[in-house]
Each structure stands twice: as C-alpha cells, then as structure tokens.
Amino acid sequence: MNIQTAKVYLCTALGVAGSFVTQLFGGWTEDMITLVIFMAVDFVMGLVVAGVFHKSNKSDTGALNSRAGWKGLSKKGVTLLFILVAHRLDGLLDTNYIRTTAIIGFIINEAISIIENAGLMGVPFPEVITKAIDMLKSKGEEDDNENR
C-alpha cells in the first residue's frame with residue numbers, strides 16, 4: 001500500500017468516526033458549535049491566566065498546573081456527556097428541547113467563566129456584567145442549598 005492509499009483510508013476512517021460522534025450528540029448545530037467554541041475559548045483563557053498572568057485560582061501558586069488542566073478538560077468532557085444524555089432523552093421522550101436547554105445552560109456557564117478569566121487578566125468590562133455574574137452565582141448557591 002502506498003502513502004496516497006493510506007492517506008485516503010485514514011481520511012475515510014476519520015470522516016466516518018467524526019460523523020458517528022457528531023450524530024451521537026444530535027448533529028453539528030449552531031448551539032453545539034457555540035458551546036464547543038465557548039469551551040475552547042474558556043480553556044485557552046484559563047491557560048493564559050495561569051501561564052502568563054499567574055493569577056489562576058485553580059492552583060496554590062496561581063501558575064500553570066497540569067492537574068488543574070486535566071481537571072478542566074475532564075469537566076468539559078463530562079459537559080459533553082451531559083449533552084449526549086440530553087440528546088438521548090429527547091429521542092426517548094420524543095421531544096426536541098432537552099438537549100437545547102442543556103446546551104444553553106452550559107453556554108451560560110462557559111460565558112461566566114470567560115468573563116471571570118477576563119477579569120483576572122485585568123480586562124475592563126462594564127460593572128453591570130459583574131453584578132449579573134454575582135447575582136447568577138448567588139442564585140446558583142441558593143438553589144444548591146435548597147436541593148441538599
């Protein structure tokens with residue numbers, strides 16, 4: 001087998017695997033694209049906060065920490081698993097909103113994290129955003145306490 005044939009087989013195999021995974025998550029829709037972009041931006045900004053600014057709240061020194069990085073990637077992986085579960089629930093219950101609702105919730109969570117990272121970098125943003133984040137955090141903590 002020559003290199004050209006191997007390349008065709010590899011590209012075909014990757015295309016089939018990618019299509020299968022995409023279908024498992026309910027397709028490559030705008031909301032899913034947005035979530036993946038927000039997840040990537042948040043991860044990169046976390047690396048910048050720790051690697052350049054040394055202000056990460058994920059490590060004792062504020063600097064890069066491989067364990068903290070793996071934890072972050074693991075959390076993002078679990079987020080995708082929740083999307084997979086939500087999509088399967090939509091199929092089981094013959095609905096089309098559970099997956100979308102889950103994705104929007106995770107997009108909001110990623111957006112808050114992006115804004116927090118920007119704040120750690122010293123990027124100025126309107127005070128109304130800070131107040132909104134504080135309100136969302138306190139609301140989440142109240143819900144957590146009520147559900148325990």
Handout entry: Whichever residue in the range 95-138 is part of a loop (DSSP other than H, G, I, E, B) and farther than 20 Å from G46 by Cβ and, among such residues, is modelled with the lowest pLDDT
Key = P126
Practice task
Looking only at the range 66-75, decide whether some residue is among the aliphatic types (A, V, I, L, M), part of a helix (DSSP H, G or I), closer than 28 Å to T22 by Cβ and at pLDDT 90 or above.
Solution key: yes
Practice task
Filter the range 23-33 for residues that are assigned to a helix (DSSP H, G or I) and closer than 13 Å to A102 by Cβ and give the result.
Solution key: D31, M32
Problem - Every pair of residues 6+ apart whose Cβ atoms lie under 6 Å, when the first sits in the range 28-42 and is in contact (Cβ under 8 Å) with a residue 12 or more places away in the chain and more than 18 Å from G69 (Cβ to Cβ) while the second is assigned to a helix (DSSP H, G or I) and not hydroxyl-bearing (S, T, Y) - result: D31/I103; T34/I107; L35/I103; L35/F106; L35/I107
Practice task
Could you check, for the range 34-44, whether at least one of its residues is hydroxyl-bearing (S, T, Y) and over 18 Å from N109 (Cβ atoms)?
Solution key: no
Practice task
Tell me which of these S74 doesn't satisfy, since it passes every other one: (1) at positive phi; (2) under 13 Å from the mean Cα position of the chain (by Cα); (3) not hydrophobic (A, V, I, L, M, F, W, C).
Solution key: (1)
Handout entry: Evaluation of A63 against (1) aliphatic (A, V, I, L, M); (2) within 20 Å of the chain's Cα centre (by Cα); (3) surrounded by 13 or more Cβ atoms within 10 Å (Cβ to Cβ) (one fails), failing number
Key = (2)
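Evaluate the following for D42: is it within 25 Å of E116 (Cβ to Cβ) and in contact with a helix residue (DSSP H, G or I) (Cβ under 8 Å, 6 or more places away or on another chain)?
yes
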Problem - Residue satisfying all of: in the range 23-42; surrounded by 18 or more Cβ atoms within 10 Å (Cβ to Cβ) and closer than 18 Å to L120 by Cα; nearest to the chain's Cα centre (by Cα) among these - result: M39
Practice task
Would you check if R88 is surrounded by fewer than 16 Cβ atoms within 10 Å (Cβ to Cβ), of a type outside the set (V, I, T) and under 19 Å from T22 (Cα atoms)?
Solution key: yes
Problem - E142, sole failed condition from (1) in contact with a His (Cβ under 9 Å, 6 or more places away or on another chain); (2) modelled with pLDDT under 90; (3) assigned to a helix (DSSP H, G or I) - result: (1)
Practice task
Taking the options K76, K71, name whichever one is touching a helix residue (DSSP H, G or I) at 6+ places or on another chain (Cβ under 7 Å), in contact (Cβ under 8 Å) with a residue 12 or more places away in the chain and of a type in the set (K, R).
Solution key: K76
Fill in the blank from the handout: Among I115, I103, I108, I98, the single one that is loosely packed, with under 14 Cβ neighbours inside 10 Å and within 21 Å of D31 (Cβ to Cβ) is I108
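The values are calculated or read from the model by the stated rules, or taken from the named source; none is laboratory data. Computed from a predicted structure; not experimentally measured. Heads up, the Cβs are rebuilt from the backbone with ideal geometry, glycines too, and the neighbour counts pull from every protein chain shown.
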